[in-house]
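The values are calculated or read from the model by the stated rules, or taken from the named source; none is laboratory data. Everything numeric here is computed off the predicted structure, so don't read it as measured data. Neighbour counts are summed over all protein chains in view; Cβ atoms, including those assigned to glycine, are modelled from backbone coordinates with ideal geometry.
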Amino acid sequence: MIKESLQTAINEQIVREMYSSNLYLSMAAYYASINLNGFANWMRIQAEEEMIHALKFFDYVLDRGGKVNIGMITATPSVWAGYIQPFADALEHEQKITAWINDIADIAHTEKDYATMSFLNWFIDEQVEEEKTTGEILDRLRLAGDSKSSLFLLDNELKARKIEVATKAE
């Protein structure tokens, strides 16, 4: 049985992951509206991955005999000040997610809940990758500056991203 403190923290994280999914979907819509379809593709896949993360937390609470309580998911922004801003916001958001997952890991450590600590290791590793990838794209956007050809090449590259199907067992 999962401890109440962890159940509460993980339920809050489910909402955060669902918000993340909505945020990235909103960013995808923004990029599509300015005809940067590769960027839109990258963000849409990011949205799908965040929903998978929410479901991993959802399943974990149930697997541990806990109760899932999904709170209100707040509205996301829908416009940004240029094509670089969504990635700057995405990196900042991923850093917040990392901090929240670390907070849950701190609770698991305090509660001596080794199963949850083990479960969270996947997310801790995933956040390193999330921050790295988002930061690299942001750096490349800033490096490209006003170069339309560089923007076109990056957009074309991001169009190739595909969703990696994750299973519950992962």
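Here residue 54 qualifies as in a helix (DSSP H, G or I) and touching a residue at least 40 places away in the same chain (Cβ under 8 Å). Take the conditions closer than 16 Å to residue 130 by Cα and either in contact with a helix residue (DSSP H, G or I) (Cβ under 7 Å, 6 or more places away or on another chain) or of a type in the set (Val, Ile, Thr) (or both) and apply them to residue 80. Does it pass? It is false that residue 80 is closer than 16 Å to residue 130 by Cα and either in contact with a helix residue (DSSP H, G or I) (Cβ under 7 Å, 6 or more places away or on another chain) or of a type in the set (Val, Ile, Thr) (or both). Within the set 143, 153, 138, the sole residue that is aliphatic (A, V, I, L, M), touching a helix residue (DSSP H, G or I) at 6+ places or on another chain (Cβ under 7 Å) and either assigned to a helix (DSSP H, G or I) or in contact (Cβ under 8 Å) with a residue 60 or more places away in the chain (or both) turns out to be 138. Look through region 80-98, keep the residues that are among the hydrophobic types (A, V, I, L, M, F, W, C) and over 19 Å from residue 18 (Cα atoms), and return whichever of them is modelled with the lowest pLDDT. Top of the filtered list is 81.
Has region 106-118 got any residue that is within 22 Å of residue 44 (Cα to Cα), free of Cβ contacts under 8 Å to residues at least 24 places away in the same chain, part of a helix (DSSP H, G or I) and not small (Gly, Ala, Ser)? Checked against the condition, which is being within 22 Å of residue 44 (Cα to Cα), free of Cβ contacts under 8 Å to residues at least 24 places away in the same chain, part of a helix (DSSP H, G or I) and not small (Gly, Ala, Ser), region 106-118 yields no hits at all. Residues considered: 101, 163. Of these, the only one that is out of contact with any His (no Cβ under 8 Å at 6 or more places or on another chain), aliphatic (A, V, I, L, M) and either over 17 Å from residue 49 (Cα atoms) or at pLDDT 95 or above (or both) is 101. Of all residues in region 115-122, one or more are under 22 Å from residue 9 (Cβ atoms), in contact with a Leu (Cβ under 6 Å, 6 or more places away or on another chain), surrounded by 11 or more Cβ atoms within 10 Å (Cβ to Cβ) and polar (S, T, N, Q). Restricting attention to region 1-21, which residues are touching an Asp or Glu at 6+ places or on another chain (Cβ under 9 Å), more than 13 Å from residue 96 (Cβ to Cβ) and part of a helix (DSSP H, G or I)? Hits for region 1-21 are 5, 6, 9, 18, 21. What do you reckon, is residue 87 in contact (Cβ under 8 Å) with a residue 12 or more places away in the chain, in contact with a helix residue (DSSP H, G or I) (Cβ under 7 Å, 6 or more places away or on another chain), over 23 Å from residue 6 (Cα atoms) and part of a helix (DSSP H, G or I)? For residue 87, the condition - in contact (Cβ under 8 Å) with a residue 12 or more places away in the chain, in contact with a helix residue (DSSP H, G or I) (Cβ under 7 Å, 6 or more places away or on another chain), over 23 Å from residue 6 (Cα atoms) and part of a helix (DSSP H, G or I) - is met. If you check 99, 40 for being of a type in the set (A, V, I, L, M) and either in contact with a Lys or Arg (Cβ under 6 Å, 6 or more places away or on another chain) or surrounded by fewer than 21 Cβ atoms within 10 Å (Cβ to Cβ) (or both), only one passes: 99.
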